[in-house]
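Q: After the structure tokens below, expect a handful of questions from me.
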Amino acid sequence: MPEPATQTEYWNSDVGERWVTMQAELDRVFAPLTAALLDAASLRSGERMLDIGCGCGETALLAAERLGAGGAVTALDVSRPMLARARARPATGAPITWIEADAQIHAFAPGHDLALSRFGVMFFEESRAAFANIRQALRPGGRLVVLCWRALTENEWVSLPRDAVLGVVPAPEPPPPGGPGPFRFADGAALAELLAQAGFTGAAVAPVDRAIAIGDDIGAATRFAVTVGPVAGLLRELDDPALRERAVAAVRAAMPAEGPVRLGAACWLATAFNPG
């Protein structure tokens with residue numbers, strides 16, 4: 001995982017391109033989690049919504065359908081290739097404005113009814129300042145609804161292939177505590193406290209657990225596991241093709257043998273409100 005100062009560079013590198021290539025597959029895999037997020041958001045016709053870290057656009061597009069033509073969505077991300085994919089996808093319902101920007105410092109227009117994010121808030125350099133900036137974009141009483149990963153060890157869809165790879169290659173240095181990364185908010189109580197420090201009220205954090213299908217068979221599941229996410233990062237560091245081949249074979253061998261590969265995913269669903 002990159003250092004905080006390189007997040008924009010990181011998501012505009014081949015990593016962003018890889019997520020674009022896998023867009024349809026990622027949306028399918030994460031669909032049960034996306035549905036949980038959107039249901040919790042209780043979107044109402046005509047509302048104005050922010051999508052923080054919108055990626056290739058799935059959450060913004062689905063929200064726009066629920067908000068209807070009288071609503072409005074502003075979706076932003078730092079990744080140019082992912083935004084290009086988002087802009088190219090067909091949209092219905094509320095108009096969507098796509099913005100290449102960093103939510104930590106972007107000068108948002110005020111008055112939004114809610115800010116929503118699916119796996120987009122864990123990569124901030126300064127999380128408290130970022131959440132405070134997002135809060136200022138909300139109307140009084142406006143709500144924040146975010147989905148983020150719990151601990152790596154609780155997320156079988158990552159830990160199973162990662163453990164397999166670490167049987168072949170050395171373990172990486174652990175990320176600095178509190179630094180950007182997919183499991184930045186593994187501690188739900190700390191996340192709730194952070195939201196309070198950013199000026200939100202009524203912060204609540206609830207677990208969301210789903211089995212997600214990472215592939216229709218072992219081959220598809222292995223491809224998914226080694227193409228995106230933490231395991232892909234481990235393999236990207238390997239210069240030895242033979243070692244990489246052994247690592248991929250280890251991932252394949254670790255997958256369940258029959259039918260679609262379903263593994264556990266564990267998230268926090270955090271909600272909070274702008275005072276007023």
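The values are calculated or read from the model by the stated rules, or taken from the named source; none is laboratory data. As the structure is a computational prediction, the values presented were derived from the model and not from experiment. Because the Cβ atoms are built from the backbone with ideal geometry, glycine has one as well, and the counts that use them run over all protein chains shown.
Q: Please go through the stretch 258-276 and pick out each residue that is touching a helix residue (DSSP H, G or I) at 6+ places or on another chain (Cβ under 7 Å), under 21 Å from ARG28 (Cα atoms) and not β-branched (Val, Ile, Thr).
A: LEU263, GLY264, ALA265, ALA266, CYS267, TRP268, LEU269
Q: Residue check: is LEU37 in contact with a Lys or Arg (Cβ under 6 Å, 6 or more places away or on another chain), touching a residue at least 40 places away in the same chain (Cβ under 8 Å), buried (at least 17 other Cβ atoms within 10 Å of the Cβ) and not hydroxyl-bearing (Ser, Thr, Tyr)?
A: In short, yes.
Q: Just one of ALA75, ALA86 is crowded, with 23+ Cβ neighbours inside 10 Å, over 17 Å from ALA31 (Cα atoms), in contact with an Asp or Glu (Cβ under 8 Å, 6 or more places away or on another chain) and free of Cβ contacts under 8 Å to residues at least 40 places away in the same chain; which is it? If you could, list the steps in order and put the result at the bottom.
A: Details: ALA86 fails: over 17 Å from ALA31 (Cα atoms).
Unique residue meeting the criteria: ALA75.
Q: Looking at ARG246, is it out of contact with any His (no Cβ under 9 Å at 6 or more places or on another chain) and within 25 Å of ASP39 (Cβ to Cβ)?
A: Details: out of contact with any His (no Cβ under 9 Å at 6 or more places or on another chain): yes; within 25 Å of ASP39 (Cβ to Cβ): no.
Answer is no for this residue.
Q: Taking the stretch 240-256 only, how many residues are at pLDDT 95 or above, surrounded by fewer than 20 Cβ atoms within 10 Å (Cβ to Cβ) and closer than 21 Å to ARG28 by Cα?
A: The total comes to 1.
Q: Do we find a residue being at pLDDT 95 or above and of a type in the set (Val, Ile, Thr) anywhere in the stretch 227-239?
A: Within the stretch 227-239 (the criterion being at pLDDT 95 or above and of a type in the set (Val, Ile, Thr)), the answer is no, since none of the residues qualifies.
Q: Identify all residues within the stretch 190-215 that are among the β-branched types (Val, Ile, Thr) and under 20 Å from the mean Cα position of the chain (by Cα); write none if there are none.
A: Correct list: VAL205, VAL208, ILE212, ILE214.
Q: List every residue pair whose Cβ atoms lie under 6 Å apart, where the two residues are 6 or more positions apart in sequence or sit on different chains, the first residue falls within the stretch 158-174 and is surrounded by fewer than 17 Cβ atoms within 10 Å (Cβ to Cβ), and the second residue, located anywhere, is in a helix (DSSP H, G or I) and hydrophobic (A, V, I, L, M, F, W, C).
A: Pairs that qualify, where the first residue is surrounded by fewer than 17 Cβ atoms within 10 Å (Cβ to Cβ) and the partner is in a helix (DSSP H, G or I) and hydrophobic (A, V, I, L, M, F, W, C), are GLY167/ALA250.
Q: Does ALA31 satisfy being more than 20 Å from VAL228 (Cβ to Cβ) and either in contact (Cβ under 8 Å) with a residue 40 or more places away in the chain or aliphatic (A, V, I, L, M) (or both)?
A: For ALA31, the condition - more than 20 Å from VAL228 (Cβ to Cβ) and either in contact (Cβ under 8 Å) with a residue 40 or more places away in the chain or aliphatic (A, V, I, L, M) (or both) - is not met.
Q: Ok, one more. So which residues in the stretch 121-148 are part of a loop (DSSP other than H, G, I, E, B) and either among the aliphatic types (A, V, I, L, M) or at pLDDT below 95 (or both)?
A: Once the filter is applied, which keeps residues that are part of a loop (DSSP other than H, G, I, E, B) and either among the aliphatic types (A, V, I, L, M) or at pLDDT below 95 (or both), the stretch 121-148 yields VAL121, MET122, PHE123, PHE124, GLU125, GLU126, ALA137.
Q: For the stretch 172-224, name all the residues that are part of a strand (DSSP E or B) and either more than 19 Å from ALA265 (Cβ to Cβ) or charged (D, E, K, R) (or both).
A: Within the stretch 172-224, THR201, GLY202, ALA203, ALA204, ASP209, ARG210 meet the criteria.
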